[in-house]
Each structure stands twice: as structure tokens, then as C-alpha cells.
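Report on the structure given below.
The values are calculated or read from the model by the stated rules, or taken from the named source; none is laboratory data. Not measured: the values here are computed from a predicted model. Backbone-built Cβ (ideal geometry, glycine too); neighbour counts: all protein chains shown. Remember, those area values only see protein heavy atoms, side chains included, never the ligands or the DNA or RNA. Shrake-Rupley method; radii C 1.70, N 1.55, O 1.52, S 1.80 Å.
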Amino acid sequence: MWYDQLVEASEGFPFDDFDEDRFGIHYDQSTKRLYSPIMENHEEGSGYENCLRYTGRYTVFQFNGKEFVKAGEDGAWWLNPELRNYKRTVSNRKTADGIEQVDLMADGTLRRTFWKGAKTLDDLRYRP
């Protein structure tokens, strides 16, 4: 687990409820893609400038038979593909009714997505 994920547990994923292995490097056998988390520095004045924050986005590498070649960036592989177009995940939380995710979009606006009845990250593959 990344150090900063422990720091951000109060404002990000509640790690006791979600599969924390999802936040490391992930190889998707069906697509032969490797997902490596993109980290960024905390904003100045936050008190955490010397540690990295998980953005919720990944560098994607495609296996071409001999090696992995960078294929670009994408949102979290467990999300519905229509929802992977964010700049950074602001927060995720599990409630009694489902899972909520708030994302910072490229234009600076926030997007709130809610999956009613969702209990695991796998449920986020479906449309909210």
C-alpha cells in the first residue's frame, strides 16, 4: 500500500471496506494491459508537500508480445469506461446505500457519481 493512501484514508477510499490491492500496479490478463498508478505532489500549504498523492488515474502499458509499450493514460480500470475521463479522484466513500465518487474534471469542475446498491469496486464497472 502507498504511504499516502494511509494519510488520505479520511478523505479518500475507506481502505478497510475496499480491496486495497487495487491501488498498486495491476495487470489485466484479458486485455494484456498493465496499469501503473499516477502519483502527484500534494498542493503547497497542505502539510504533505514531500509525499505523493494517488490521483485515481493510471499510465497504461500494452503488451505487444515481447515487451510493454506505453499506450497512454486512463482512469481506474474497474470504472465504467464512460467515467474514466477525469483529471483526479477527489474522494470515494462507501455508504449504506452504495458507493460515491467525486472527480475533478479537466475544466476545474467537480463530478459526483453514485452507484446505488454497489458494495465493491467491481460494481463500479456498471453505469451509475
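Is at least one residue of the stretch 63-80 closer than 14 Å to Pro128 by Cβ and either open to solvent by 90 Å² or more (accessible area, probe 1.4 Å) or out of contact with any Leu (no Cβ under 9 Å at 6 or more places or on another chain) (or both)? No.
Is at least one residue of the stretch 94-116 within 25 Å of Gln29 (Cα to Cα) and polar (S, T, N, Q)? Spell out the reasoning first.
Taking the stretch 94-116 first, the residues within 25 Å of Gln29 (Cα to Cα) are none.
Checked the stretch 94-116: no residue is within 25 Å of Gln29 (Cα to Cα) and polar (S, T, N, Q).
Within the stretch 98-128, restricting attention to residues that are assigned to a loop (DSSP other than H, G, I, E, B) and of a type in the set (A, V, I, L, M), the residue that is surrounded by the fewest Cβ atoms within 10 Å (Cβ to Cβ) is Ala106.
One residue is enough: does the stretch 46-56 have a residue meeting the conditions at pLDDT below 80, open to solvent by less than 30 Å² (accessible area, probe 1.4 Å), under 22 Å from Ile99 (Cα atoms) and in a strand (DSSP E or B)? Yes, that holds for at least one residue. Selection within the stretch 79-100: residues that are closer than 16 Å to Arg57 by Cα and in contact with a Phe, Trp or Tyr (Cβ under 8 Å, 6 or more places away or on another chain). The member of this set that is modelled with the lowest pLDDT is Asn92. So which residues in the stretch 82-97 are in contact with a strand residue (DSSP E or B) (Cβ under 9 Å, 6 or more places away or on another chain) and assigned to a helix (DSSP H, G or I)? Result: Leu83, single match.
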